[in-house]
Amino acid sequence: MEAVGTGAEDGMVVDVAVHSGTPERRADLEAKFGDVRSFVRMARGTMMLDGPGIEDALRGIYPDAGRIMVEIGRRPGSERIAVLFVL
């Protein structure tokens with residue numbers, strides 16, 4: 001499993017990871033991590049979606065991505081969002 005985090009400059013960090021699946025499917029999804037992070041930041045920051053709302057939206061965008069889990073953790077002045085795709 002590999003993860004990439006971004007966004008600490010504004011207090012919102014988004015980590016994206018993919019677990020299991022064939023190397024080809026994993027590589028295809030990993031290539032989209034930048035888009036996933038951008039969408040999650042917009043969905044949380046602008047649309048104020050919670051974890052289940054972000055999961056539903058990502059399922060609409062990536063219907064073949066398998067199981068999607070989103071967890072949001074908060075600390076004073078920061079927020080960390082973890083997105084896990086299980087292929």
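Observations on the structure shown:
- Take the chain with all the other protein chains still there, run a 1.4 Å probe, and you get 58 Å² of accessible area per residue.
- In this Cβ point-charge picture (+1 for Lys and Arg, -1 for Asp and Glu), the chain has a dipole of about 140 debye about its Cα centre.
- Note on the chain: helix-only mean residue ellipticity at 222 nm, from DSSP H runs of 4+ residues weighted -39500 (n - 2.57) and normalised by residue number, equals -11000 deg cm²/dmol.
- Model label points for E71 and S38, set 7 angstrom from Cα along the Cα-to-Cβ axis, are 2.8 nm apart.
- Overall, the stretch 9-51 carries a charge dipole of about 100 debye about its Cα centre when +1 sits on the Cβ of Lys and Arg and -1 on the Cβ of Asp and Glu, all other atoms neutral.
- Expressed as a whole percent, the accessible surface of the chain that belongs to carbon and sulfur atoms is 53, based on a 1.4 Å probe.
- Computed from Cα positions, the angle between helix 51-61 and the longest principal axis of the chain comes to roughly 40 degrees.
- The alpha-carbon positions of the chain define a convex hull whose volume is 81 Å³ per residue.
- Long-range amide H partners of H19 with built H, under 5 Å: F85, V86, L87
The values are calculated or read from the model by the stated rules, or taken from the named source; none is laboratory data. The model shown is predicted, which means the values in this text are computed figures rather than measured ones. Glycine gets a Cβ as well: all are built from the backbone with ideal geometry, and neighbour counts include every protein chain shown. Remember, those area values only see protein heavy atoms, side chains included, never the ligands or the DNA or RNA. Shrake-Rupley method; radii C 1.70, N 1.55, O 1.52, S 1.80 Å.
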